[in-house]
Amino acid sequence: MTQEPGAELRHTLHQGLALTALICGVPVLLILWGLEASSADPRAPMLGLYAVMALVCLWAAYRIMSGKSLDGALKITIAFNALFVLFQAYYGVVGGQVSLNMYLMLITNAIFGYLVFGTRSAGLLNLGMFGTALGLVLLRAAQGDLKPAFLELQLFLSTGTVMMLLHALAWYKNRFIALAHKQLRLEHEAWTDALTGLPNRRRLYQQIETLLDPAHPDAAAPDLTSPTQTFPGRGGSVIMLDIDHFKAVNDTHGHLAGDSALAHIAGLLRHSAQAGETPGRWGGEEFMLILPGVAEAGAARRAEALRQRLLASPHPQVGPLTASFGVSTCRAGDDLTRLVARVDDALYGAKAAGRDRIHTAEMAGPGFDGDVAAMPAMME
């Protein structure tokens, strides 16, 4: 199943932010635990809550790094954070003192909430938690203890400002992701053939230019062990194939069957491509395979393997399909036009010689009938 453009970017951002928050939270919680334990009147519930929160953070970080559910781990962390905030607010009412840690947890939960939920849902969740904690503090103020409540209201104001900033950043992040998603989708459509899902001619042009540019960072290293390597420094080969008698396929079985046959061949080409190779649809019933760092003899063997695989994989409706292949390697002084023209000439040489065969740009004979072992002698 193809992943939608932008999904990987979104997941990576969420994962990085979540891990940073969780890992940074553990030492903070341990320090708070130590301060509480060393105080004159340590509170057992707070000691237990700090310890549990540190363990939850470690557990969540471990699950995320192990590739488990990001949202599931963060939801449990949010639940414990919410419990911590409500406990601190309640303790402030009954005990007369609200810990500064409550405000820290409000901000932490806001961060996690925006990672797990949508901006609107996370905003409502954080508003609910903030309002509940504020309400408990105001309840204590109504009981007549105004001075501590005034100081705590100032802290609430500062915390609320930070939470509003987080909401704005979350909105910006979602906007950035949406724009990145759109950009990736447009790029995908610009470089991809709609019918087969293979790279289109525009993308193939780009990949051929990579073969011809020795300074390109993605250019492949030359095959120095091959006596037929002719391109100085870097290069590779290009295979072009044309489905034989494809018009008859459309006329006999219909254009839908013809489209299905093209998609079938595209699948064979895609699964036959090795790492670093680029299969693509050149146009109509013509396809291309770009082989970085492969000399012409090696490319001819790859073309023969494709020819054999095509023969062994008949289309369910159309039946057996054959193709004619043209092969050429990069040469000194080549540009895109020269290389494509040469491989195109080789392809039409194969079709003129009877189809279902391979022609290389170096061959002077009437055609190559599929006997790869005989090719070196034919090329001399």
Just add up the charged neighbours of ARG338: K/R +1, D/E -1, any other residue whose Cβ is under 12 Å from the Cβ of ARG338.
-2
Net charge over other residues, Cβ less than 12 angstrom from the Cβ of GLU189 (K, R count +1; D, E count -1)
+2
Calculate, in whole percent, how much of the Cα-Cα pair population of region 229-310 lies beyond 21 Å.
33 percent
For ARG309, the accessible surface traced by a 1.4 Å probe with all protein chains present amounts, in square angstrom to the nearest 10, to 90 Å²
Under 30 Å between alpha carbons, and skipping anything fewer than 8 positions from LYS173 in its own chain: which lysines qualify?
LYS68, LYS75, LYS182
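The values are calculated or read from the model by the stated rules, or taken from the named source; none is laboratory data. Bear in mind that the values here come from a model prediction, so they are computed numbers and not experimental data. In this analysis, Cβ positions are derived from the backbone assuming ideal geometry, glycine residues included, and neighbour counts consider all displayed protein chains. SASA here: full protein model, heavy atoms, side chains in, ligands and nucleic acids out. Shrake-Rupley method; radii C 1.70, N 1.55, O 1.52, S 1.80 Å.
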